[in-house]
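Report on the following structure.
FYI, it's all coordinate maths here, none of it is from the lab. Computed from a predicted model, the values in this text were never measured in an experiment. All Cβ positions, glycine included, derive from the backbone under ideal geometry; neighbour counts span all protein chains shown.
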Amino acid sequence: MKTMIEFAHVDVILFLAAMILIVGYLEEKGFFEFVAWKVISCARASFRALFLTVILLSAFLAALVDEVTSILIVSSFAFKICELLGISPLPMVLASVFATNIGSSMTVVGNPVGVLLAFSAGLTFSEFLRWATPNSLIAVLATAGILMRQFKDYVEEGQEALAKPLEWEAAEAQSPRSLVVDGALFASVILLLALHHPLEEVLGLSKNTLLLAVPMLASGLILLLDPERGFRAFEHRVEWRTLLFFLLLFASVGTLEYVGLLSDFSRALTLVAGGSLESVLLALVPVASLMSASLDNVLAVAILVPVIRGLGEAAIPTYPLWWATLFTACYSANFTPVGSTANIVAAGLLERRGVRVSLLEWIKKSVYSTVVSLALALLLVYVQVPLMP
């Protein structure tokens, strides 16, 4: 039991549960729907601007909440827009998924991959803002440009449909006081997470203590001050089955580490790649990319964490490898419908509306933007290696 608890990353599970509860509570109150509708409605005069807004909104919303919440919120508007215009939702939803996976790597809260790496490697929110956010922002902008060109005919079709007289349905209005309170809650949590490392140093706390404490305290306040909505979010919004899956997944990967299999993998990788960082990157990235696309990016990273630790024991710098793993796992998830939870959710939403996308079709739509964005991010990691601690 002690070994299981050690490898199960209970801190990661608690962090995810608390953040999902906070986001779920705000979803219950319609906060994100209101904000997303306001952002999208500002760009409704031009379908090109609307399509670009959906892409950017997907990326930044994923960075601030999480990939699943982002894709659920944005896809709901994408379906409404496409239904109103009488066009296929497939290109817009796929573009949203691709941007969501890339944007989720900007911050520690955007993706379970980032949370796992933060707790495993001791990476702070501010380190994500320094090393992940700029790279991901560049990758998002490059992806947006590629998708705008790739779906050029679709954009033109949408513009023609937008020229017709339409009635836009706004989201249900909220009271100004409610919006201010919800916005203050969300902003406070994000701000405290962003400042957790310097606050820990001032208070003399161990690293990443506040990274877990902030969402736990915020979720506790929600349950105390608004128990009706809070416990409804606790019961219905928190994906307990998914969290249990992650817990057992981490424990099972820990078993592989416990019996020494992943250490053997590290030694084999070091032997094949040699002792230089460049050769290790060239060997690690294709493996991580293939694992993320064919399995699941969280599973891939759970396996790779002890492998990278093993590389560190072989005197290979691990700091650049953590960031390379983050970008590879998040971006390569775009290759297939099973690369991340966001992909699976989006594919399920499309299928409910009678839109089925085959594996080959998905790969054809994703390969160009994924390869370009991943290459950009990894190049930026490599050129900044001399600046890394």
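Answer rounded, prolate or oblate for segment 204-250, using the Cα gyration tensor with square roots of eigenvalues a ≥ b ≥ c: rounded when a/c is under 1.5, else prolate when a/b is larger than b/c, else oblate. Oblate is the answer for segment 204-250, as a/c is 1.5 or above yet b/c matches or exceeds a/b. The C-alpha atoms of the chain define a longest principal axis, and helix 297-313 lies at about 30 degrees to it.
FRET efficiency for the Glu156 to Thr133 pair, using the beta carbon distance and R₀ = 45 Å, is estimated at 0.85.
Only the Cβ atoms of Lys and Arg (+1) and of Asp and Glu (-1) were treated as charged; on that basis the dipole of segment 270-389 about its Cα centre amounts to roughly 420 debye.
For Val355, no residue 5 or more places off, or on another chain, has a built amide H under 5 Å of its own. Think of each Lys and Arg Cβ as +1 and each Asp and Glu Cβ as -1; about the Cα centre, that makes the dipole of segment 90-194 roughly 440 debye. Full extension of the segment from Glu28 to Val385, taken as 0.36 nm per residue of separation minus the current Cα-Cα distance, would add 124.2 nm. From its DSSP helices (H runs of at least four residues, each -39,500 (n - 2.57)), the chain gives a residue-normalised ellipticity at 222 nm of -24500 deg cm²/dmol. Between helix 90-103 and the chain there is an angle of about 40 degrees, using the helix long axis and the longest principal axis of the Cα atoms. In the structure shown, the pairs Lys152/Lys364; Lys29/Lys80; Lys80/Lys164; Lys29/Lys152; Lys29/Lys365 are assessed against 27 Å; a Cα-Cα span above that value is assigned to Lys29/Lys152; Lys29/Lys365. About the centre of its Cα atoms, the chain shows a dipole size close to 420 debye [charges on the beta carbon of Lys, Arg (+1) and Asp, Glu (-1) only; nearest 20 debye]. Using a ≥ b ≥ c from the Cα gyration tensor of the chain (square roots of the eigenvalues), is it rounded, prolate or oblate, where a/c under 1.5 gives rounded and otherwise the larger of a/b and b/c decides, a/b for prolate? Here the chain falls in the oblate category. In the chain, the longest principal axis of the Cα atoms and the axis of helix 47-64 are about 40 degrees apart. Taken along the Cα-to-beta-carbon direction at a fixed 7 Å, the label points for Ala283 and Ala375 span 2.5 nm.
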